[in-house]
Amino acid sequence: MTMETNVATRRLYARAADPEAYVPAGVLLDEVRAELRRNVPDGPARLDDLLRRAADWASAEGERFRELGDRTHDDEGRRVLVRRAALGCAPLALASGAWLQWLSAPGNAEDPLVLRILALYASDVGVGHPGASRGDAYLDLLRRLRLSENAVPLARLAGDPRVADGAYTLPALLLVMSRRPDDFRGELLGADLCLRTVGLPPPLTLVRQTLPLVADWAVIDPSTARPEDPPPVEECRAVVAELVAREGAAAEAAVLLGFSWALAALRDHADALHAELTASSDPAYDMAELMRLRAREGAVYHHGFELEGRSLAAWLADARTDPSGLLAALSRSKLLKPGRSEASALVKGLVGERGPMFRVFSPDDLTVIRRWIDSLPATSSPVERAGTAGGRAVPAPAAGVARALEAGPWSEGRAPADVREAYHLLMVRTDTPALRSWCLEYVNGWLARSRYGMDGGTMPLPPNWGREGLRPWLQTQHDRHGAEFERNAEVPLPSREDVIDDTVQTAPLTLIDGSWLQGFTDHELASSDIGHALFQTYWDELGNGLAKLNHPLIYRDVLKEMRVDLPPTASPEFARWPGFRDESFELPVYWLCVGRFPRTFLPEVLGLNLAMELSGVGGTYRRARLALKRYGFNTRFVDIHNTIDNVATGHSAWAADAVDILLAGLPEAPGPGSRAETWERVRAGYRSLNPPGGLGARRAARRATRRSRIAPIFPFADRR
Ligand SMILES: [Fe+2]
Ligand SMILES: [Fe+2]
């Protein structure tokens with residue numbers, strides 16, 4: 001295995017962790033499928049057998065790791081095992097559940113099966129609270145062990161040299177597949193069922209046994225339910241059964257493949273980690289590992305220092321692949337006294353405050369060096385070959401997948417011909433370079449329109465953000481909505497025809513309720529300080545896993561009362577439906593576009609979200625209620641929004657808080673990324689719910705899109 005392919009797997013992990021990740025179709029998907037089949041045993045499998053096999057393996061393997069801990073009696077040895085096991089499981093455990101992140105989409109948000117999957121995922125994420133996901137519980141463990149410095153953001157973990165390459169293979173592929181949810185739904189759910197059946201990854205049983213109270217093990221273990229949720233293994237089994245019942249043999253084969261592959265990959269990883277942990281009980285292993293990791297930098301400096309007739313730089317150069325020679329030479333040298341680290345020059349003089357190597361080694365590194373020296377026999381016979389670690393045994397990484405993602409060529413795809421086609425293409429999470437460019441251009445144009453004449457007096461958000469935050473402003477707006485409602489009491493209600501027409505023309509928007517926030521289902525964002533409330537809002541719009549609370553479905557009920565039976569939202573017939581006017585797709589398409597870029601357009605999405613959640617509360621929802629009631633239509637859709645979006649504990653309050661969290665953390669001094677600049681972007685986002693449509697505004701939009709055509713607007717295609 002070459003160094004290059006190892007790096008490729010790490011890069012794959014980091015790329016797929018990006019909430020705006022682009023994973024192309026074509027060759028890449030073939031590579032993923034080939035990788036899934038690579039070490040899966042041939043022959044037919046049955047789910048029941050696989051479930052039993054996974055459970056048996058998990059308990060036997062957990063026992064094997066516990067025994068390893070039992071055999072290690074000294075505290076330092078135990079500490080080494082715990083740290084290695086915790087780091088070795090980090091790429092998977094920090095991303096626990098992330099593979100479900102894109103399984104809901106604007107076009108399938110009414111599907112009860114999708115809602116059920118979303119409920120499983122919401123439980124993993126710890127919906128409603130920042131830092132409450134299963135991955136966050138693991139992050140807490142790493143923090144307690146003082147191992148978390150590379151764990152946030154998740155993509156950074158790819159660069160942690162203490163984690164073996166093979167530890168990234170399983171989670172990297174799961175993350176890649178999560179970005180192609182329609183291609184891998186069965187495989188993802190099969191793998192998810194496997195991981196939940198296994199429960200706590202077996203290497204972590206050793207950590208739990210040593211530190212039973214240091215972590216929230218019930219949250220880290222994906223088989224354990226939160227107090228308020230149903231048991232996840234049973235829930236996932238039910239989801240899989242429903243999928244197979246609905247889609248038949250192909251879905252079943254995909255589930256079985258995902259399950260078998262995940263089990264084989266877990267096994268590979270656990271075996272490699274077990275071998276690493278066993279080897280590390282010899283202090284020379286850790287020392288060899290340390291030398292291997294540092295050899296490259298060290299070789300730059302030590303040309304003048306000789307060890308047994310060779311420059312230390314030459315020894316270090318060898319140590320990059322096999323450090324055993326260097327260790328043996330060191331053990332024979334005057335730099336150390338075998339068995340007595342405290343008397344050895346290597347730790348005493350060289351790395352001390354006045355030594356030439358001060359701060360080259362961290363306190364943890366020094367522990368490794370001391371432990372190794374202390375383990376050397378104090379008697380004369382020098383150690384001949386110290387250390388066995390010439391690089392860790394790792395399962396083959398998904399190198400083909402990584403190469404395919406890096407290399408291309410990808411199909412450019414086709415940009416939509418018009419706004420109706422765009423609406424249809426944006427019903428799913430995946431896209432093509434052409435569609436992505438189109439989206440960015442559409443958003444840039446829309447925002448340019450939104451900025452046009454922004455301070456002309458119609459903008460309710462103040463010109464500056466105050467340190468008191470937006471809550472007082474929100475109350476004022478709410479009072480205003482109430483007063484307007486009272487003032488309009490005498491204004492006649494719209495006619496029945498107008499009410500129906502308005503309900504129909506709003507359907508392309510309302511049936512994708514929450515889709516401006518779709519990007520916040522991303523695993524890291526959904527549990528972040530800013531994103532958790534946005535994910536919770538999305539989760540509410542879709543009905544908290546329940547069809548009866550699903551806003552699009554409730555809206556369809558009203559439409560039915562009006563004798564309007566629309567095709568499924570994701571179907572081409574819906575976008576072509578002649579009863580809609582073209583303009584009725586303009587705002588929905590903006591939502592669908594901007595919602596795909598939760599990072600690029602974070603301030604704008606926060607502003608739009610505030611405008612959206614506040615728009616009807618206290619006023620227009622109440623007026624709409626009167627109109628619907630007058631003609632005998634159900635008012636549930638507006639009633640539910642007037643309460644759920646409320647300004648004290650509801651969506652509009654959360655929306656204001658999200659803006660405040662963002663702004664409070666920004667620098668005061670003017671410039672890019674400053675508070676003032678970001679506030680302007682929030683304001684433009686707020687106005688983007690209802691931007692001006694006049695000639696000047698349209699001209700501004702055209703200018704902005706012309707500019708964006710010149711600038712690179714497709715930042716993800718860093719093809720080489
Ligand atoms: Fe809603
Ligand atoms: Fe809402």
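The values are calculated or read from the model by the stated rules, or taken from the named source; none is laboratory data. Because the structure is a prediction, the values reported are computed rather than measured. Reconstructed Cβ throughout: ideal geometry from the backbone, glycine too, with neighbour counts over all protein chains shown. We work out accessible area using only protein heavy atoms, side chains counted, and drop any ligands, DNA or RNA first. Shrake-Rupley method; radii C 1.70, N 1.55, O 1.52, S 1.80 Å.
What order do you get for 161-172, 494-505 when each peptide is scored by the mean count of other beta carbon atoms within 10 Å, highest first? Don't skip to the end; give the middle numbers.
Values: 161-172: 23.7, 494-505: 15.1.
So the peptides 161-172, 494-505, ranked by packing, come out 161-172, 494-505.
Rounded to the nearest 10 degrees, the angle from helix 531-541 to the longest Cα principal axis of the chain is 50 degrees. Only Lys, Arg, Asp and Glu carry charge here, each on its Cβ (+1 for the first two, -1 for the last two); on that basis the stretch 237-292 has a dipole of about 240 debye about its Cα centre. Taking 0.36 nm per residue of separation and subtracting the Cα-Cα distance, full extension of the segment from Glu228 to Arg706 would add 166.9 nm.
Provide the FRET efficiency to the nearest 0.05 for the His73-Glu242 pair, computing r from the beta carbons and using R0 = 45 Å. Here the calculated transfer efficiency is 0.35. Just the number, please: carbon plus sulfur as a percent of the accessible area of the chain, 1.4 Å probe, no ligands or DNA/RNA counted. Solvent-exposed carbon and sulfur of the chain make up 54 percent of the total. Electrostatic tally near Gly186: other residues with Cβ closer than 9 Å to its Cβ, Lys and Arg +1, Asp and Glu -1, net -2.
Spatially close Lys pairs in the chain, defined by Cα atoms under 24 Å apart and a spacing of eight or more places or different chains, total 5. In this label model, Leu493 and Asp30 are separated by 6.2 nm, measuring between points 7 Å along each Cα→Cβ vector. Which one of Ala575, Ser344, Phe633 is farthest out on the positive end of the charge dipole of the chain, using unit charges on Cβ (Lys, Arg +1; Asp, Glu -1) and the Cα centre as origin? The Cα lying farthest towards the positive end belongs to Ser344.
Spin-label model, Leu366 to Asp56: label points 7 Å out along the Cα-to-beta-carbon direction sit 5.1 nm apart.
Length, then width, then depth: along the principal axes, the Cα atoms of the stretch 284-386 run 33, 30, 23 Å. The listed peptides 654-661, 283-290, ordered by packing as a protection proxy, come out as 283-290, 654-661 (highest mean of other Cβ atoms within 10 Å first). With Cα atoms as the point set, the stretch 462-584 shows a radius of gyration and Dmax of 18.5, 50 Å. Solvent-accessible surface of the stretch 578-716, averaged per residue with a 1.4 angstrom probe and all protein chains in place: 42 square angstrom. This model, with +1 at the C-beta of Lys and Arg and -1 at the C-beta of Asp and Glu, gives the chain a dipole about its Cα centre of some 1560 debye. Taking N as the residue count of the stretch 419-708, its C-alpha radius of gyration divided by 2.2 N^0.38 Å amounts to 0.99.
Here the gap between Arg467 and Glu486, fully extended at 0.36 nm per residue and compared with their Cα-Cα distance, gives a gain of 3.6 nm. Between Leu211 and Arg636, the C-beta separation translates, for a Förster distance of 35 Å, into a calculated FRET efficiency of about 0.10.
List the residues of the stretch 417-457 whose backbone N lies under 13 Å from a point placed 7 Å from the Cα of Asp582 along the Cα-to-Cβ direction. Taking a point 7 Å out along Cα→Cβ of Asp582, the residues of the stretch 417-457 whose backbone N falls under 13 Å are 417-422. The alpha carbon radius of gyration of the chain, expressed as a multiple of 2.2 N^0.38 Å, is 1.09. Simple rule: put +1 on each Lys or Arg Cβ and -1 on each Asp or Glu Cβ in the chain, find the dipole, and look at Ala611, Ile369, Gly355; the Cα lying farthest toward the positive end is Gly355. Once both labels are positioned 7 Å from their Cα atoms along Cα-to-Cβ, the gap between Glu677 and Glu308 label points is 5.7 nm.
Legend: calculated FRET efficiency, Thr476 to Arg146, from the Cβ-Cβ distance at R0 = 41 Å, rounded to 0.05, equals 0.30. Here the peptides 86-93, 116-123, 351-358 are ranked by packing, the mean other Cβ count within 10 Å, and the order with the highest first is 86-93, 116-123, 351-358. For the chain, the Cys residues with no second cysteine's beta carbon closer than 4.7 Å are Cys89, Cys194, Cys236. The trypsin sites (Lys or Arg not before Pro) found in the stretch 13-59 that occupy coil by DSSP, while having at most 14 further C-beta atoms within 10 Å, are Arg46.
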